[in-house]
Amino acid sequence: MVKLLLIPGPVEVPFSVSNAGSFVSNHRSSEFKNIVRENEALLNKFSGAYKTVMVTGSGTLAVETMVFSLINDNDRVLSISYGNFGERLIDSIAKKTGNTQFIKYDKLDMGALLNEIRSREYDKLFLVHNETSNGTALRDMSEIKKIVRDKGAKLLVDDVSGFGGYNMDMHGIYAMVTSSQKNLAAIPGIGIIFLSEQAYNDINSSPPVNVPFYLDLKTSLKFLEKAETAYTPSTGSFMSLNLALKILDKEGFDNRVKRIAASADFIRNTLMSNDVKIFGDDNIYSNTVICFYSNDSDIIKKLETSGITISKGMGKIADKTLRIGTMGMINNHYIGKFLNTYLSLAGKNVIIKEDDIPVTTQLPDFLIDDVNLA
C-alpha cells in the first residue's frame, strides 16, 4: 500500500527531490559550492532576504541560531506565544538572556497581542507567525510590523511552518527562519535563517558573545561568502533543497501559496460542514495546518490502515485534537483521499468528488508524474 503523509512536516515531496537526498559530495568542491549559491539565490528571491544561511538541522536549530546570534546582552526582549512552538521559542530565549518579558496565551487573541506589543518597551520582539501545534497564525503581520517599526525595535520571526504558505517576505522583519521539510517540499535536514541587511551588518559589527560555534551566524556568514558551510553538511539535504527550490520557482511562489491556502480552506470548510469542530476561528486559521477535534481515540490508527498518516494535537489539547498539514505538494488528489476516508470512518454519508474540489488545489502539469498520486 502506498502511504500518504499528511502530517505538519515532513511532507510529501516529489520523487526527484526525495531521490536527491542520496547525493554525497565533497562539501568543499566547486560542485557543492554551486548548489549553495543556487540555493541562497533562490531563497533570497522568494523571501527578499539580504543573506540566507543554511545549516544542517531542523527548524528548531534555525530558531536557536537566530536567538543565540541575534540577542545581545543589553537587548530588552519581548516574546508572546500562543501555542507549543511559541513556548519553545520562549524557552530558547530564556537560555540566552534574562532581560525578557514573556506572555503566553492558550489561544491566539489578536486584540490582546497587539495591545501588549503597543504598551510594552522592548528592543527585539520574537513571534511565531504560524503555530504548528494548533493550526493558528498571525495572518496579517502589517500592524505588528508598523508598531515595532514606530518603536524603533526589531522583529524576529519563527516562520518554520509558514514560509511558502503565505505571501510573506522580509519587509519590516529583522530576521526570520524556516526549514526545508515544510512548504518548500524538500526532505528534512536544512534549517534556514533569513537576514535583513541590518541584521547582517549588526552581526559583523558587534556580534553577540558566548554563542556556541554551531549557532554562530558570524561564522556561518564567513563561510557563506565562499559558498560553503562552516561544518560538514548533509550534502543530500542541500541537493534535495536545490531541486525543491527550482520546482518552486517553476511553479511560482504566489501559485504555491494559492494552492496551499485553497487546500486548507476547502478541507476546513468541508470538515465544518460535516459537524467537525476546528480549533481557532476565521481570523486566525492557518494556511498550512488544520487542527480539529475528534472523539475517536483510534482514528489515527484507522487512517493508517487506509494508508493515510496524520498527527495528534499538541499541548493542552493533545488528547482532543488531530492535525493535518496542507503544505508542500498538497493537491486535489490528497484532499479527496483524506476527506473521503475520514468522513467514511466518521460515519458520514458524504462523497467528495474531484469536481467538488477547487481547481486552485491542483498541481501544475509538470509535477504530475513526479509526485505520489496513488
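The values are calculated or read from the model by the stated rules, or taken from the named source; none is laboratory data. Quick caveat, the model's predicted, so the values are computed rather than measured. Note: ideal-geometry Cβ built from the backbone for every residue, glycine included; neighbour counts use all protein chains shown. Just the protein is used for accessible areas: all its heavy atoms, side chains included, with ligands, DNA and RNA removed. Shrake-Rupley method; radii C 1.70, N 1.55, O 1.52, S 1.80 Å.
Results, tabulated for the structure shown:
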item	result
Region 175-194 - residue that is open to solvent by 10 Å² or more (accessible area, probe 1.4 Å) and on the phi < 0 side of the Ramachandran plot and, of those, nearest to the chain's Cα centre (by Cα)	K182
Single condition Y231 does not satisfy, out of (1) open to solvent by less than 20 Å² (accessible area, probe 1.4 Å); (2) hydroxyl-bearing (S, T, Y); (3) out of contact with any Gly (no Cβ under 9 Å at 6 or more places or on another chain)	(1)
Helices (runs of 4 or more DSSP H) completely within region 1-111 that count 2 or more residues being over 24 Å from D123 (Cβ atoms) and basic (K, R)	30-47
Region 28-54: number of residues that are farther than 18 Å from T178 by Cβ and in contact with a Pro (Cβ under 9 Å, 6 or more places away or on another chain)	1
Test set (1) in contact with a Phe, Trp or Tyr (Cβ under 6 Å, 6 or more places away or on another chain); (2) of a type in the set (D, E, K, R); (3) under 30 Å from A244 (Cα atoms) - K45 fails condition number	(1)
Counted residues, region 297-312 - those being under 19 Å from P10 (Cβ atoms) and either at pLDDT below 95 or surrounded by fewer than 18 Cβ atoms within 10 Å (Cβ to Cβ) (or both)	5
Positions within region 52-105 being of a type in the set (D, E, K, R) and either open to solvent by less than 50 Å² (accessible area, probe 1.4 Å) or modelled with pLDDT of 95 or more (or both), in sequence order	E64, D75, R76, E87, R88, D91, K95, K96, K104
Selection from region 341-374 of residues that are outside any helix (DSSP H, G or I), open to solvent by less than 70 Å² (accessible area, probe 1.4 Å) and either touching a residue at least 24 places away in the same chain (Cβ under 8 Å) or in contact with a strand residue (DSSP E or B) (Cβ under 8 Å, 6 or more places away or on another chain) (or both)	A346, K348, V350, I352, I357, P358, L363, P364, V371, N372, L373
